Amino acid sequence: MIDAQASRIKLILFDVDGVLTDGKILLHPDGTESKQFDIKDGTGIVLAQRAGLIVGFLSARTSPSTAQRAAQLGVTLLHQGVSSKLETYEQIVDELLLEDQQVAYMGDDVVDLPVLQRAGLSAAPADAVDDVRSRVHWVSRANGGQGAARELIEVILRAQDKWDPLVEEYLTLRHGRSVLDTTERSARGPSERERASEASGGGAPRAMDKGSRESAAGVWPRGSKK
């Protein structure tokens, strides 16, 4: 069991491609790209931050889709285009005045190994490469981009006795909307439907355009480049 390690965690860092996504990148004829993120992972990240944990994304690639997803979830600790993940990790830990034992990191490939070897709690998705899965403290049941991040977050929050209070809070409704729904809306901003409804004084919302429908489904806009 990893409860002892999980109970000390204050910062959770995630690799992006292959961890928060399934690792696939859709290349479009105009040279742009897009990727998909999992809704359950997003909810987990919101819950972790609500419980007082810091969440960050650490990626060797640079992608507008990743920046948009981070902004939607209220994640401000975002490092993209990283040439040395270990150096960036050390910088983050120093700036936050944390110890390695207080950091969890989830990665899926050999480029993540230097950080995984340093973090107090190292984790990998079920479909991570063998060299990673054999060296980490914990492996999720879910694959990358399909709830692996959510699993890790829940393990940590349960070890810290923070999960059940969050569930109870979710059950506390205010005017038909849960406290967490309000928090998620604040983090991501109002949806197209919500903006339309507010602009019309609560009347019928405008139809969502294609881009809005893609965002709502977790498919992020084109326009990413390496």
Checked pairs for region 30-41, first at pLDDT 95 or above, second part of a helix (DSSP H, G or I) and surrounded by fewer than 19 Cβ atoms within 10 Å (Cβ to Cβ), C-beta under 8 Å and 6 or more apart or across chains, list as none
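Give region 67-85 a look and list any residue that's polar (S, T, N, Q) and over 13 Å from the mean Cα position of the chain (by Cα), or say none. Break it down stepwise before answering.
Kept after step one, since they are polar (S, T, N, Q), are these residues of region 67-85: 68, 72, 76, 80, 83-84.
Scanning region 67-85 gives Q80, S83, S84.
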Counting only residues that are assigned to a loop (DSSP other than H, G, I, E, B) and among the acidic types (D, E), which one in region 29-44 is surrounded by the most Cβ atoms within 10 Å (Cβ to Cβ)?
-> D38
Starting from region 149-173, keep only residues that are modelled with pLDDT of 95 or more, then list their pairs with residues that are among the basic types (K, R) whose Cβ atoms are within a distance under 7 Å, requiring at least 6 positions of separation or different chains.
-> R150/K40; E151/R141
In this structure, is L26 surrounded by fewer than 16 Cβ atoms within 10 Å (Cβ to Cβ) and free of Cβ contacts under 8 Å to residues at least 24 places away in the same chain?
-> yes
Among the residues of region 118-133, count how many are over 15 Å from Y105 (Cα atoms) and either part of a helix (DSSP H, G or I) or over 18 Å from the mean Cα position of the chain (by Cα) (or both).
-> 3
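Go through region 157-171 and give me each residue that's assigned to a helix (DSSP H, G or I) and either over 20 Å from the mean Cα position of the chain (by Cα) or under 21 Å from L113 (Cβ atoms) (or both). Please lay out each step first, then the result.
Applying the first criterion (assigned to a helix (DSSP H, G or I)) to region 157-171 yields 157-159, 163-171.
Selection gives D164, P165, E168, E169, L171.
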Collect the residues in region 93-124 that are more than 22 Å from R8 (Cβ to Cβ) and touching a strand residue (DSSP E or B) at 6+ places or on another chain (Cβ under 7 Å), keeping them in residue-number order.
-> D108
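Among the listed residues Q101, Q68, identify the single one that is in a helix (DSSP H, G or I), touching a helix residue (DSSP H, G or I) at 6+ places or on another chain (Cβ under 9 Å) and more than 27 Å from R135 (Cβ to Cβ). Spell out how you get there, then give the answer.
On the way: Q101 fails: more than 27 Å from R135 (Cβ to Cβ).
Testing whether each residue is in a helix (DSSP H, G or I), touching a helix residue (DSSP H, G or I) at 6+ places or on another chain (Cβ under 9 Å) and more than 27 Å from R135 (Cβ to Cβ) leaves just Q68.
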Find all pairs meeting these conditions: Cβ atoms under 9 angstrom apart; at least six residues apart or on different chains; first residue within region 76-97 and on the phi > 0 side of the Ramachandran plot; second residue of a type in the set (V, I, T).
-> G81/T62
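Which residues, taken from region 15-51, are more than 15 Å from the chain's Cα centre (by Cα) and on the phi > 0 side of the Ramachandran plot? Quick ask: steps written out before the conclusion?
Looking only at region 15-51, we keep the residues that are more than 15 Å from the chain's Cα centre (by Cα), and these are 24-34.
Passing the criteria: only G31.
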State which residue is farthest from A70 (Cα to Cα) when the search covers only region 140-159 and only residues that are buried (at least 21 other Cβ atoms within 10 Å of the Cβ) and in contact with a Pro (Cβ under 6 Å, 6 or more places away or on another chain).
-> S140
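Looking at G52, G18, G81 in this structure, which one is buried (at least 21 other Cβ atoms within 10 Å of the Cβ) and in a loop (DSSP other than H, G, I, E, B)? Reasoning before the result, please.
On the way: G52 fails: buried (at least 21 other Cβ atoms within 10 Å of the Cβ); G81 fails: buried (at least 21 other Cβ atoms within 10 Å of the Cβ).
That would be G18, the only listed residue that is buried (at least 21 other Cβ atoms within 10 Å of the Cβ) and in a loop (DSSP other than H, G, I, E, B).
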Filter region 141-153 down to residues that are touching a helix residue (DSSP H, G or I) at 6+ places or on another chain (Cβ under 6 Å) and in a helix (DSSP H, G or I) and give me whichever is nearest to S7 (Cα to Cα).
-> I153
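Among the residues of region 84-98, which ones are within 14 Å of V55 (Cβ to Cβ) and in a helix (DSSP H, G or I)?
Residues of region 84-98 within 14 Å of V55 (Cβ to Cβ): 92, 96, 98.
Hit for region 84-98 is I92, nothing else.
Looking at the structure I just gave you, is I12 outside any helix (DSSP H, G or I) and crowded, with 20+ Cβ neighbours inside 10 Å?
Values: outside any helix (DSSP H, G or I): yes; crowded, with 20+ Cβ neighbours inside 10 Å: yes.
In short, yes.
The values are calculated or read from the model by the stated rules, or taken from the named source; none is laboratory data. On a predicted model such as this, the values are computed, not experimentally measured, just so you know. With ideal geometry, Cβ positions are generated from the backbone for all residues, glycine too; neighbour counts draw on all protein chains shown.
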